[in-house]
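Below you'll find the structure, written out as structure tokens, and then a few comments.
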Amino acid sequence: MGIDPGLNTTGYGVIEFDGMKPRLIEAGIVRSKAKASIESRLDEIYSGVLEVIEMHHPTTMALEQLFSHYERPRTAILMGHARGVICLAAAKCGIEVAHFEPTRVKKVMTGNGRASKSQMQLAVKAHLQLATVPEPPDVADALAIAICGHHLGQGSMMEKLTSM
């Protein structure tokens, strides 16, 4: 499961792999009410993510790492709140969370760590062999994070298996 956290719109994507080939299970967004209190918005995100987890029972979650420009510290703090309730939902369900920087996901998906939203959408479309690009971009980002979580997590999974 991949998550692109946001206080207004949180994208999610659930995929499964047959070897190296990804298959889309479900993707969508969890939206909070912009005019609601921070507490209410965080509850909506938590509840929405928990609902997806309970429906699909993913074994791992790949979550976009906090990224913010220094000019916008408030945005970073609000994103931290959203990431916190997403991590809480994963912890409550016993799901391991891997954190990935946006530039690393973009580099893995497109070869360019500064890829645009449209480039990411096209890359996800190609990887999942979809008829159209995933919309909105938050969904494409979540799917890209899920794909990277699988590919980049293979090394650590193999280490765990061989150390048993």
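The values are calculated or read from the model by the stated rules, or taken from the named source; none is laboratory data. As the structure is a computational prediction, the values presented were derived from the model and not from experiment. As a convention, Cβ positions derive from the backbone with ideal geometry for all residues, glycine included, and neighbour counts pool all protein chains shown. Side chains are part of the model used for accessible areas, which takes the heavy atoms of the whole protein and leaves out ligands, DNA and RNA. Shrake-Rupley method; radii C 1.70, N 1.55, O 1.52, S 1.80 Å.
Worth pointing out:
- Interchain or long-range residues, amide H under 5 Å from ALA98's placed H: MET61, ALA62, LEU63
- With every protein chain in place, the stretch 87-149: carbon and sulfur % of accessible area (1.4 Å): 52
- Placing +1 on each Lys and Arg Cβ and -1 on each Asp and Glu Cβ, with no other charges, gives the stretch 1-149 a dipole about its Cα centre of roughly 500 debye.
- Computed extension length for ALA34-GLU51: 4.1 nm, one decimal, from 0.36 nm per residue of separation with the Cα-Cα distance subtracted.
- Percent RCO, i.e. relative contact order, over the chain, from Cα pairs under 8 Å lying at least 6 residues apart: 29
- Charged neighbours of GLY11, selected by a Cβ distance under 11 Å, balance to -4 (K, R count +1; D, E count -1).
- Taking every DSSP bridge with both residues inside the stretch 1-148, close to 65 percent are antiparallel.
- Within the chain, helix-based [θ] at 222 nm, where runs of 4 or more DSSP H residues each add -39,500 (n - 2.57), nearest 500: -17500 deg cm²/dmol
- Kyte-Doolittle mean at least 1.6 and Cα axial length at least 18 Å: DSSP H helices in the chain: none
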